[in-house]
1. Examine segment B:131-141 for a residue that is modelled with pLDDT under 95, exposed (fewer than 15 other Cβ atoms within 10 Å of the Cβ) and within 14 Å of chain A (Cβ to nearest Cβ), and state whether such a residue exists.
2. Report, by residue number, each residue of segment A:63-98 that is at the interface with chain B (Cβ under 9 Å from one of its Cβ atoms), more than 19 Å from the chain's Cα centre (by Cα) and either on the phi > 0 side of the Ramachandran plot or in contact (Cβ under 8 Å) with a residue 12 or more places away in the chain (or both).
3. Of everything in segment A:99-131, what is within 23 Å of residue A:69 (Cα to Cα) and in contact (Cβ under 8 Å) with a residue 24 or more places away in the chain? Give them in sequence order.
4. Against the condition within 11 Å of chain A (Cβ to nearest Cβ), within 27 Å of residue B:11 (Cβ to Cβ) and touching a helix residue (DSSP H, G or I) at 6+ places or on another chain (Cβ under 6 Å), how does residue B:113 come out, does it pass?
5. What's the total number of residues in segment A:44-62 that are at the interface with another protein chain (Cβ under 10 Å from one of its Cβ atoms) and assigned to a loop (DSSP other than H, G, I, E, B)?
6. For a quick check of your reading: which strands (runs of 3 or more DSSP E) sit entirely within segment B:1-73 and have at least 3 residues that are free of Cβ contacts under 8 Å to residues at least 60 places away in the same chain, within 13 Å of chain A (Cβ to nearest Cβ) and within 22 Å of residue B:204 (Cβ to Cβ)?
7. Of all the helices (runs of 4 or more DSSP H) wholly in segment A:130-212, which have at least 1 residues that are over 15 Å from the mean Cα position of the chain (by Cα) and within 20 Å of residue A:25 (Cβ to Cβ)?
8. Are there any pairs, at least 6 apart or on different chains, whose C-beta atoms fall under 9 Å, with the first in segment B:171-184 and on the phi > 0 side of the Ramachandran plot and loosely packed, with under 15 Cβ neighbours inside 10 Å and the second outside any loop (DSSP other than H, G, I, E, B) and at pLDDT 90 or above, and if so, which?
């Protein structure tokens, strides 16, 4: 049992996708286990008793939880190729800051756009665009958030792109019109094999989100 | 080393501000503490942290670093001659980061809820806080492996993350007439808290409970009269 890696995950999860991209970048072989979040496995409950959430990486029997903590763990253990975080401490702090910013804002704003209506949805759309525009400014003219190469912040944020189509349809918004640089950046990221192979089809995600929306909104 | 090369923007009552200060003390780094006036934000703060406009901010040379735990990790990575704040083993690092995130996202969120809650809601938050402490007691056992701190022989990342809340924990105990850290239920944490507060790196920045209690009344009054916070 040299290096046994198992990932407990759920296919549309923006958080789980981060781990899948990191594992692909590093060329790590692993066993993928799909969780039914309405019927969580005993393994998940045992490996993440505190939050009971995916993703969970199980490395040689030991669980690591929280997507960005898992990505940093992967980067530190498999440190012989494809560094995800920069080596300079200030650049690392900046990378962590922006990944944390994505964590704080993206999911909440996306959920409001997709799962609410009326005033709440309008507020969600405002939040969503504020968040995207702040990132657009940070990206500037760089090809990636990490500079010349795809890195930690790109990895943390690109997974939300798979939810953009759902947000556009359910929120009646046009992301490319408002934030063209973000869309251009996303398409650039999608040229990477690790990203292209990980991100699910946007229409599939839309179907999933539309189904989920029914639980929150009666239309 | 240029004097005033390192500045911390903050405020004495904030547990988040304590964190980089403890880390700098551990590394024996001199810094200038720039205190923000309660109720207003300085130009320097708004310039250094335009995204969140929050304290603490570490300014190293002319470079700002924001978010307390990110600052702590930065300090650990820059000043490598001092004692290490994070463990060297990647798995141990992941565990410390996990519990630090838990303390911030779940446990302290329940503590804050307790501040303004009434009746049934108050009881619910109190239960969450107590359950959280039971989990942290267990985590302490596993992380410390019989030693003084979550980090082992010396204060580490999780000690800093959780220990910085001890002042507010004591205030909460007084305001609610409850014992949160209890010799019967959380004996490990009780002793750990004493050691943490007595540590040389912590003593000078841990506010006195009485002072915090006074401040909490000022804060409560301001929150009652204040307009809803803008995000």
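The values are calculated or read from the model by the stated rules, or taken from the named source; none is laboratory data. As the structure is a computational prediction, the values presented were derived from the model and not from experiment. Ideal geometry is used to build each Cβ from the backbone, glycine not excepted, and the neighbour counts take in all protein chains shown.
1. Keep residues of segment B:131-141 that are modelled with pLDDT under 95, which gives none.
No, segment B:131-141 has no match at all.
2. Within segment A:63-98, A:77 is the sole residue that qualifies.
3. A:99, A:100, A:101, A:102, A:103, A:105, A:106, A:107, A:110, A:131
4. Values: within 11 Å of chain A (Cβ to nearest Cβ): no; within 27 Å of residue B:11 (Cβ to Cβ): yes; touching a helix residue (DSSP H, G or I) at 6+ places or on another chain (Cβ under 6 Å): yes.
No: the conditions fail for residue B:113.
5. Residues of segment A:44-62 that are at the interface with another protein chain (Cβ under 10 Å from one of its Cβ atoms), as a first pass: A:48-51, A:57, A:59-60, A:62.
Now restrict to residues that are assigned to a loop (DSSP other than H, G, I, E, B): A:48-51, A:60.
Total meeting the criteria: 5.
6. B:57-60
7. Answer list for segment A:130-212: A:180-190, A:193-198.
8. none
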